[in-house]
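Remarks on the structure that follows.
Only the coordinates and a few stated rules stand behind these numbers; no lab work does. The structure displayed is predicted, hence computed values, not measured ones. When we count neighbours, we look across all protein chains shown, and the Cβ atoms used for this are built from the backbone with ideal geometry, even at glycine.
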Amino acid sequence: MENIEEQLRETVKKLLKEKKVDLVIGYSKGTLPFHSTPVFIADEKDADNLIFDFTCGNNLAKYLQKSKVKNHGKIGIIAKGCDGRSIVQHIVENQIKREEVVIIGVHCDGVIDIRKLEEKVGRKEILKYQVENDKIIVEGKGFKKSLSKQDILSDSCIACKYPNSPVYDVFVGNPVPIAEPRKPITNNLESLSSDERWAYFEKEISKCIRCYACRNACPLCYCEECFVDQSNPQWFGKSPNLSDTMIFHIVRTLHTAGRCVSCGACTRACPTGVNLAPLGIRMEKEIKDRFGYTAGLDTEATPPMADWNEEDKQEFIM
Amino acid sequence: MDILKIKKDNLKQFLEYLAKKYTIFAPVEEDGVSSFREIEKMEIGKLKFDFYNTDKPPKDIFFPQTETLFTYDENSQLSTLPQDSANNSQLSKPIAIFGVRPCDAKSFTLLDKVFDSEKYTDTYWKERYKDALVFTLACNNPLSTCFCNWVDGGPFNKNGADIFLIDIGEAFLAEPCSKKGEEVIHKLLLQKAAGDDLKKGEHLKREAESMISKSIELASLKKSLDSFWDNPLWEETARKCLNCAACTYLCPTCHCFDIQDEGKSGKGKRIRIWDSCMFKLFTQEAAGTNPRPTGKERMRQRIMHKFNYLVETIGEFGCVGCGRCIISCPVNLDVREVIKEIKKIRN
């Protein structure tokens, strides 16, 4: 991993030096174990702060929009497979132009889900850790435990089919062999009845406190005015009651249909551990089945929700 | 005041006794999320107190995320106490909150200064808080994210406690810290703590205080911020912020709210809901303008409100150092780093 980080830093330094980019969006070490933090690098010497490992769970495509990077010239961005696909979606949706970004693809073996990790140690505080091959040895007050990396990977990463950014200008490390999901989706939700699934989601969504961390961490949630923020007139209630909250999550899922790349950033961002990943994963499958489309692979694609085809399935029309 | 002892074996009885006069709130963990909620009698035996900070702060006991202020019906009179509100049961008996951490207990005193001051009285808050009984449970094991000691607190701080508990293993030491607390506890004929127990308590206190992160002098922070309005740090800090409300909703002292009417055709209710300065809508004006148009202004507001404005209005920082905002931030925006950076720039 250090080797990749070294290469990454050198790559970024070179890009900055050669003025191929003015600002690079990446990750640096966070203040807590297992936390990275997004970083914006304009100066070559700051490139040494860059890291890349399984703690880099934020989807950086989020920062390609709005005022965050505007007026900063050409942007370089470090991209896992999912970040890369989100960037492609931004291009497809005319939010940015391909030539406006330099995509730095990076070898990604998946990122961890801190909540899973906390559960593995009985929610005790982890103070430090070290990585030994596929094992992660975590330590806290009065305990030391060896964990398998696979057990704490984010669900979205376990199901990931596209670990490499589909489009890139530079690639750091070797690309992960494509089209080999690390493990097939073992989503037992699929086998449940619709009532049971509804009960599952009711339970999950009831934990939601409406902080919108999911939406705000989502690279594709870039609406200038989100439907939940419509205030003139107000579209629906703002309190965390199950009905309103459920509508929020359902509409958000529908609105990201054909756009969501199942990066899992929403789930990882949630402070109360609402598992939203199955919604995205299922919606991706639905879009693939119905329209033969996979979001974020082709910058020239027409998004299925912005298109009509005679062949489109229409069995739902009575 | 004597320090007493509640044996853990007798805790159930103790709480059952308390439940006769109080609605009890205690920490529970459900679906991986810990919070304080009303405890039914039969649940008392199942309570666990070996948690760190609860994931959610206890502020919603006194200041619910949503509450009905009144219902209205154009054909009848205005009703000030909503019939359909879940708050009714809470109001029928005073609230006892058991096992709240010192930082959270302190947060109640800060919120009380905001909601019940000489200038303003918020009856909804006051009704719940004025008779409430707060059992603070000392932190024997502060987290690495705890920084209560930076903001005039500490793992054994008694501010806001009616009864101060220390977990010494087989029992809790219980020290009454207010008249209210003394009255309740003296009716119980509890055993007095022995010298050894007190020593154990002292030892735990010293241990906890040595465990917590080194304090940083913040006496000049308020003043530094007086002239920090235009500093480029705000923009820099705000850059990675996603402007979600994880930090503010999980903050025990954030108390901004929105008021809305829900209803139609002459009937409905007026509710208040937590709001967050992190949201664009927070300062959206009817005319279409927004005085805090970008993340920079919103970040500045969050920090300034806690470390400058509240110092001016209530005389204390609006932060109790619980560290929840640090743990919950999806991009690891650590408020301690922001404070350190401000200090560095000003020194």
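Normalised by the residues of chain B, what does the relative contact order come to in percent, with Cα pairs under 8 Å and at least six apart? Could the numbers behind the result be given before it?
On the way: 589 pairs, mean separation 70.9, N = 347.
Once normalised by length, the contact order is 20 percent.
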Consider a paramagnetic label point 7 Å from the Cα of B:Ser220 along Cα→Cβ; state which residues of the stretch B:295-336 have an amide N under 17 Å from it.
-> B:308
Taking the stretch A:80-156, how much of its Cα-Cα pair set, in percent, is spaced more than 18 angstrom apart?
-> 54 percent
May I ask you to list the aspartates and glutamates whose Cα is less than 15 Å away from that of B:Lys126, ignoring any residue fewer than eight positions away on the same chain?
-> B:Asp60, B:Glu67, B:Asp112, B:Asp116, B:Glu118
What are the radius of gyration and Dmax of chain B, computed over its Cα atoms and given in Å?
-> 21.4, 68
Over the protein assembly as shown: Kirkwood hydrodynamic radius from C-alpha pairwise inverse distances, Å = 26.9 Å
Per 5 Å bin, what percent of the C-alpha pairs of the stretch A:63-108 does each bin hold, from zero upward?
-> 5, 22, 33, 27, 10, 2
For chain A, count the residues as N, evaluate 2.2 N^0.38 Å, and divide the Cα radius of gyration by that value, please.
-> 1.02
For peptides B:108-121, B:54-67, sequence by mean Cβ density within 10 Å, most packed first | B:54-67, B:108-121
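Can you tell me how the stretch B:250-310 classifies by the Cα gyration tensor, rounded, prolate or oblate, using a/c under 1.5 as the rounded cut? The partial results should precede the final answer.
Working: a/c = 3.39, a/b = 1.61, b/c = 2.11.
It comes out oblate by the Cα gyration axes.
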Show which lysines lie in cross-link reach of A:Lys288 when reach means a straight Cα distance below 26 angstrom and same-chain residues fewer than eight apart are skipped.
-> A:Lys62, A:Lys80, A:Lys97, A:Lys161, A:Lys183, A:Lys313
Can you list residues whose amide H is under 5 Å from B:Arg37's amide H, if they're 5+ apart or on another chain and H is modeled 1.01 Å from N?
-> B:Ala26, B:Val28
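Structure shown: which of A:Lys124/B:Lys12; A:Lys203/B:Lys280; A:Lys120/A:Lys207; A:Lys149/B:Lys158 lie over 32 Å apart, alpha-carbon to alpha-carbon?
Working: A:Lys124/B:Lys12 26 Å; A:Lys203/B:Lys280 29 Å; A:Lys120/A:Lys207 21 Å; A:Lys149/B:Lys158 42 Å.
Distance filter (> 32 Å) returns A:Lys149/B:Lys158.
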How large is ³J(HN,Hα), in whole Hz, for each residue of the stretch B:229-240 in order, when computed from phi with the Karplus curve 6.51 cos²θ - 1.76 cosθ + 1.60 and θ = phi - 60°, using x for Gly and Pro?
-> 3, 9, 5, x, 4, 4, 5, 4, 5, 6, 4, 8
With only helices counted (DSSP H, runs n ≥ 4, each -39500 (n - 2.57)), the per-residue ellipticity at 222 nm for chain B, to the nearest 500, works out to -9000 deg cm²/dmol
Can you tell me how much longer the chain between A:Glu224 and A:Met305 gets when fully stretched, taken as 0.36 nm per residue apart minus their C-alpha distance, in nm with one decimal?
-> 27.3 nm
For the protein assembly as shown, whose charge dipole is built from +1 on Lys and Arg Cβ atoms and -1 on Asp and Glu Cβ atoms, the candidate among A:Cys218, B:Phe115, A:Phe52 with its Cα farthest towards the positive end is B:Phe115
Determine which residues of the stretch B:8-46 fall in the zone a paramagnetic label at B:Glu127 would reach in this model, i.e. backbone nitrogen under 19 Å from the point 7 Å along Cα→Cβ.
-> B:22-25, B:38
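With the cut-off at 1.5 for a/c, could you classify the stretch A:1-111 from its C-alpha gyration tensor as rounded, prolate or oblate? Show your work: numbers first, answer last.
Numbers: a/c = 1.63, a/b = 1.22, b/c = 1.33.
Oblate is the answer for the stretch A:1-111, as a/c is 1.5 or above yet b/c matches or exceeds a/b.
If I take R0 = 41 Å and measure r between the Cβ atoms of B:Lys7 and A:Ser243 in this structure, what FRET efficiency does the formula 1/(1 + (r/R0)^6) give, to the nearest 0.05? Don't skip to the end; give the middle numbers.
Details: r = 45 Å, r/R0 = 1.11.
With R0 = 41 Å, the Cβ-Cβ based efficiency is 0.35.
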A:Ser28 long-range amide H proximity, modeled H, under 5 Å = A:Thr37, A:Val39, A:Ile51
Can you give the direction-averaged projected area of the convex hull of the alpha-carbon atoms in the stretch B:203-347, in nm²?
-> 12.1 nm²
Highest GNM mean-square fluctuation among A:Arg210, A:Arg290, A:Arg282, for chain A with Cα springs under 10 Å, belongs to A:Arg290
Shielding score for B:275-282, defined as the mean number of other chain Cβ atoms within 10 Å = 3
For the residue pair A:Leu297 and B:Thr289, what label-to-label distance in nm results when each label sits 7 Å from Cα along the Cα-to-beta-carbon direction?
-> 5.1 nm
Distance (nanometres) between label positions extended 7 Å along Cα→Cβ at B:Glu43 and A:Ile250 = 2.8 nm
Using θ = phi - 60° and Karplus 6.51 cos²θ - 1.76 cosθ + 1.60, couplings along the stretch A:238-245 (whole Hz; Gly, Pro as x) | 10, 7, x, 7, 4, 5, 5, 5
So what J values fall out for the stretch B:64-76 if you push phi through Karplus, 6.51 cos²θ - 1.76 cosθ + 1.60 with θ = phi - 60°, rounded to Hz, Gly and Pro as x?
-> x, 4, 9, 9, 7, 7, 6, 9, 9, 8, 5, 8, 10
Evaluate Rg over Rh across the stretch B:154-236, taking Cα atoms for both radii and Kirkwood's formula for Rh.
-> 1.22
Theoretical ellipticity at 222 nm over chain A - DSSP helices of four or more residues, -39500 (n - 2.57) apiece, nearest 500 = -8500 deg cm²/dmol
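Given axes a ≥ b ≥ c from the Cα gyration tensor, I'd like to know whether the stretch A:266-318 is rounded (a/c under 1.5), prolate (a/b larger than b/c) or oblate.
Numbers: a/c = 3.38, a/b = 1.72, b/c = 1.96.
Oblate is the answer for the stretch A:266-318, as a/c is 1.5 or above yet b/c matches or exceeds a/b.
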Under-5 Å amide H pairs with A:Ile96, H placed in peptide plane, nonlocal only = A:Ile91
Calculate the spin-label point distance for A:Glu10 paired with B:Lys119, positioning each point 7 Å from the Cα along the beta-carbon direction, and give it in nanometres.
-> 6.1 nm
Where in the stretch A:288-318 does the amide nitrogen come within less than 15 Å of the point 7 Å from the Cα of A:Asn94, taken along Cα to Cβ?
-> A:300-307
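How much of the calculated P(r) for the stretch A:110-255 lies past 24 Å, in percent of all Cα pairs? Let's see the in-between values first.
Values: 5790 of 10585 pairs.
Every Cα pair in the stretch A:110-255 considered, those over 24 Å come to 55 percent.
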Highest-MSF residue in chain B out of B:Asn75, B:Asn157, B:Asn243 [GNM, Cα springs under 10 Å] | B:Asn75
